[in-house]
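One structure is given below, encoded as structure tokens.
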Amino acid sequence: MSRKISPETVKADFNEVAAVLHYTRAAHELGLWKSERLVVGRFFPDRGALLLEAGCGAGRATLGLWEMGYRSLAAFDFAEELLDQARSLAANRGADGIGFFHADATALPDCAGMCGLIGPGPVADALRLAGGFGGALFLFNGLMQIPGRERRREALRRLAAACRPGAPLVFTTHDRNASRTEQALWRLEAVRWEKGLQDPRLNEFGDRYFEDEAGRTFMHLPDRTEILDDLAETGWRHDYDALRRQIAAETRAVRDFSDECRFWAATRA
Ligand SMILES: C[S@@+](CC[C@H](N)C(=O)[O-])C[C@H]1O[C@@H](n2cnc3c(N)ncnc32)[C@H](O)[C@@H]1O
């Protein structure tokens, strides 16, 4: 019998050499996409805000945020190999002020716990003083790489608990309905689920598990209603969502790195 994809599967896949090389290369060479810079600049207007980045991987977005002028940053990931790469890139770029720590978004500790994990320094001091983050990000679909809707909701709840009321959250998802081809493929997949013929490792309709140059990838592709419900259930107020192509025209390198996706912004209620 095939085992269901679990958080351990996802973590092991991200710690594999192919994934580490893929995300490390992107952190060194690609940086933030134009659309990411625009959305981040719009929803985090205060460069001095204390921000928490979930699923930082090898630091592609983290270092991009630092370069945009956000200087009060904490960033975590549950894949140790990627986190090591992020720490080393930050040290090479002189971004020593970033508070990296190892954590699972579905079991994120409270602020005191996070201060302990971040270790002594200005980020932990600022967090202790403020009692919560002024904003959070879970970029490049990391939230959707958590298998199981209840686990994704738990991650959203934990991020809400880590943030102060009014704090913005920005994240992305792949859209199940982004193109006619996708819509047709998902209609076929729906028939497979009706007949019980789907990949037995999948947890829910909308899940995908595939292999490419980045290694094995688990991804849940939600529809819009699902995300709106999840935000409302977990302490977030929906503010905005838009497809990447509606925000900016991306370079070929960015389009090769990531398919079309949807940006979401919400506010901690
Ligand atoms: C697609 S990668 C994006 C990495 C990086 N943010 C970037 O844009 O290059 C998603 C990241 O989310 C992390 N991730 C997935 N589930 C997680 C969880 N439950 N807790 C913490 N990190 C998680 C993965 O380890 C991976 O680094």
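Just so it is clear, none of the values below were taken in a lab; they were calculated from the coordinates. Bear in mind the structure is a predicted one, so any value in this text is a computation, not a measurement. Glycine also receives a Cβ, built like all others from the backbone with ideal geometry; neighbour counts cover every protein chain displayed.
Okay, here's what the table says:
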| item | result |
| --- | --- |
| Quotient of C-alpha Rg and 2.2 N^0.38 Å, computed over the chain | 0.97 |
| Inverse mean reciprocal Cα-Cα distance (Kirkwood Rh) of the range 120-269, Å | 17.0 Å |
| Least to most buried among 22, 102 (fewest other Cβ within 10 Å first) | 102, 22 |
| Overall dimensions of the range 134-222 by Cα: Rg and Dmax, Å | 15.2, 46 |
| Calculated FRET value between residue 3 and residue 210, using beta carbons and R₀ = 25 Å, to 0.05 | 0.90 |
| Calculated from backbone phi, Karplus (6.51, -1.76, 1.60) coupling profile of the range 96-106 in Hz, x at Gly/Pro | 6, x, 6, x, 7, 8, 8, 6, 9, 4, 7 |
| Max mean-square fluctuation residue, GNM over the chain, Cα-Cα springs under 10 Å, options 213, 233, 80 | 213 |
| Test item: Cα-centred dipole of the chain, Lys/Arg +1 and Asp/Glu -1 on Cβ, debye | 520 debye |
| Taking 254, 40 and counting other C-beta atoms within 10 Å, the order from fewest to most | 254, 40 |
| Residues 72, 179, sorted so that the one with the fewest Cβ neighbours within 10 Å comes first | 179, 72 |
| Spin-label model distance (nm) - residue 42 vs residue 28, 7 Å beyond Cα toward Cβ | 3.4 nm |
